[in-house]
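Engineer: Before we start, here is the structure in question, set down as structure tokens.
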Amino acid sequence: MTSKKSVSVFGVTGSIGASTVDILKSHTDKYCVEAITAHRNVDALAKAARDLGAKCAVIGDASRYGALCDALAGSDIEVAAGEEALIEAAERPSDIVIAAIVGAAGLKPTLAAIRRGVRVGLANKETLVCAGALMTAEVVKHGATLIPVDSEHSAIFQVLEDRKDDRIDRILLTASGGPFREWSLADMKSVTRAQALAHPNWEMGAKISIDSATMMNKGLELIEAWHLFPVPEGRIEIVVHPQSVVHSMVEYCDGSVLAQLGSPDMRTPIAYALSWPDRIKVDAPRLDFATIGGLNFQSPDLERFPALRLARQALQEGGTLPTILNGANEVAVEAFLNDRIGFLDIANTVEKMMTKIGSSALTSLEQVFETDALVRRETANYLASV
Ligand code: NAD
Ligand code: MG
């Protein structure tokens, strides 16, 4: 009999967090839960903690500490609050950490988990975009294992036969194209928050839904893929595939293309990150190919989706430019969600900040935190002035 693996889930109240809870609840024979965290939603955090029998629940917003204590009164679940407590939660012993906080806010806890040398199931792509090679160096240094949760990167991970660069010709990163795949730039100018949040295939948190609509999500994923897989930037291509059935592909030097397919359900890649190298049962809808009928592919349009061009530029130039791209995008998306800027202003703002804030070589994690803070200030100032 094998013993259970213990799991901590960061961002348990989000979309990825909820899908992770669903899997953990249906495999209590295999997994037990150490720590779970959320930003502000006390009720959802307390419910998840009780449902999962977690040892510890942490709320990021320190002002909600009392409310969390009340919500978990009478249980033996430990309670903590604040940014430091999130890091301490990542330091608690667990075999696996699912990193599902949204944005650069997840970087410190994710690094703390990496430094324990355990398996990290990474959904929180922004951390890899803004800390890049410094984060992967920490993974190597501490003997941690980074398993991608992002569906495209999970697909690539699943079909990557080995890590020998010379046998891989191309990585083909598929993109749904989002809700505005066929819209003109003129029409995109006036899209509303509700239209941008309505993704055709996936149900996701607000930030990644907007990123999918601008296609910045695919730009972030391009950078993520480059850090995860041993392929030069020029050999990672983006292919628009509106059905979101082929989650990504790897083309080998002999012409073989290996793809991973599945219904658009994040429980499949989350389960793989938990069970790898084994597989566990997931109650995801099965593909019915006869009903699907056809799968379509097309090239992305860089004119209408400039975020793709900006992300590739950031990857090519490197240094702190991806950190700048990510921070400016986070602030601009937030401003769009608060109806303060238009849809096309998101990529425009990112481009302005990439030009205005000079990038430099990436040398330390301190520099990542400083750059991220600077970009957020500069972007907020810029948006206040327009
Ligand atoms: P979400 O907004 O639904 O959830 C975010 C979670 O992070 C919540 O639990 C929230 O409480 C927590 N959080 C937010 N800000 C925080 C802060 N400052 N400090 C601590 N915790 C904070 O987001 P999501 O859609 O679940 O996405 C999470 C991550 O996974 C993102 O990086 C996203 O790009 C990535 N991802 C999501 C999907 C998806 O289908 N939702 C797919 C692939 C990758
Ligand atoms: Mg993805």
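Engineer: May I ask you to give the percent of accessible area on the chain that is carbon plus sulfur, with a probe radius of 1.4 Å?
Structural biologist: Exposed carbon and sulfur together represent 50 percent of the surface.
Engineer: About its Cα centre, what dipole magnitude does the chain give when the only charges are +1 on Lys and Arg Cβ and -1 on Asp and Glu Cβ, stated in debye to the nearest 20?
Structural biologist: 300 debye
Engineer: While we're on this one: The chain: D in µm²/s via Stokes-Einstein (Kirkwood Rh, Cα pairs, 37 °C, 0.692 mPa s)?
Structural biologist: In µm²/s, the coefficient is 154.
Engineer: Give me the number: length gained by fully extending GLU233 to TYR252, i.e. 0.36 nm times residue separation minus the C-alpha to C-alpha distance, one decimal in nm.
Structural biologist: That works out to 5.2 nm of additional length.
Engineer: Quick one: of the DSSP bridges fully inside the chain, what percent are antiparallel, nearest 5?
Structural biologist: Percentage antiparallel, nearest 5: 25.
Engineer: Using the heavy atoms of the protein chains alone and a 1.4 angstrom probe, what is the accessible area of the stretch 5-158 per residue in square angstrom?
Structural biologist: Spelled out: the 1.4 Å probe surface of the stretch 5-158, per residue, equals 36 Å².
Engineer: Between Rg and the Kirkwood Rh of the stretch 187-279, both from Cα atoms, what is the Rg to Rh ratio?
Structural biologist: 1.00
Engineer: Moving to a separate point now. Which residue fluctuates the most in the chain, going by a Gaussian network model with Cα springs under 10 Å, if the choices are GLY319, GLY294, GLY262?
Structural biologist: Result: GLY294 has the largest fluctuation of those listed.
Engineer: Could I ask something else about it? Give me the net charge for the shell around LEU24: Cβ to Cβ below 14 angstrom, other residues only, Lys and Arg +1, Asp and Glu -1.
Structural biologist: Net charge around LEU24: +3.
Engineer: Shifting gears a bit: If you place +1 on the Cβ of every Lys and Arg, -1 on the Cβ of every Asp and Glu, and leave all else neutral, what size is the dipole of the stretch 5-148 about its Cα centre, to the nearest 20 Debye?
Structural biologist: 360 debye
Engineer: From the convex hull of the Cα coordinates of the stretch 5-148, what is the mean projected area in square nanometres?
Structural biologist: Quarter of the Cα hull surface area: 7.5 nm².
Engineer: Translational D (Stokes-Einstein, µm²/s) of the stretch 318-386 at 37 °C and 0.692 mPa s when Rh comes from the Kirkwood sum over C-alpha pairs?
Structural biologist: 276 µm²/s
Engineer: Which one of ALA175, TYR252, LEU52 is farthest out on the positive end of the charge dipole of the chain, using unit charges on Cβ (Lys, Arg +1; Asp, Glu -1) and the Cα centre as origin?
Structural biologist: LEU52
Engineer: Sticking to Cα atoms, compute the Rg of the stretch 228-386 to one decimal and its Dmax as the biggest Cα-Cα distance, whole number, in Å.
Structural biologist: Taking only Cα atoms of the stretch 228-386, I get Rg and Dmax of 19.5, 55 Å.
Engineer: Put +1 on the Cβ of every Lys and Arg and -1 on every Asp and Glu Cβ in the chain; which of ALA67, PHE369, PHE343 then has its Cα farthest towards the positive end of the dipole?
Structural biologist: Most positive-ward Cα: ALA67.
Engineer: Separate question: Membrane-span-like helices in the chain: DSSP H runs reaching 20 Å or more (Cα, own axis), mean Kyte hydropathy at least -0.5?
Structural biologist: Qualifying helices: 125-142, 321-337, 343-356, 365-385.
Engineer: Of GLY219, GLY132, GLY117, which is farthest towards the positive pole of the chain's charge dipole, taken about the Cα centre with +1 and -1 on the beta-carbons of Lys, Arg and Asp, Glu respectively?
Structural biologist: GLY117
Engineer: Next question. Assigning unit charges at the beta carbon (Lys, Arg +1; Asp, Glu -1) and nothing else, what dipole magnitude in debye, to the nearest 20, does the stretch 318-386 show about its Cα centre?
Structural biologist: 160 debye
The values are calculated or read from the model by the stated rules, or taken from the named source; none is laboratory data. Small disclaimer: the values here were computed from a predicted structure and weren't measured. Cβ: placed from backbone, ideal geometry, glycine included. Neighbour counts: every protein chain shown. Heavy atoms of the whole protein, side chains included, go into the accessibility calculation; ligands, DNA and RNA do not. Shrake-Rupley method; radii C 1.70, N 1.55, O 1.52, S 1.80 Å.
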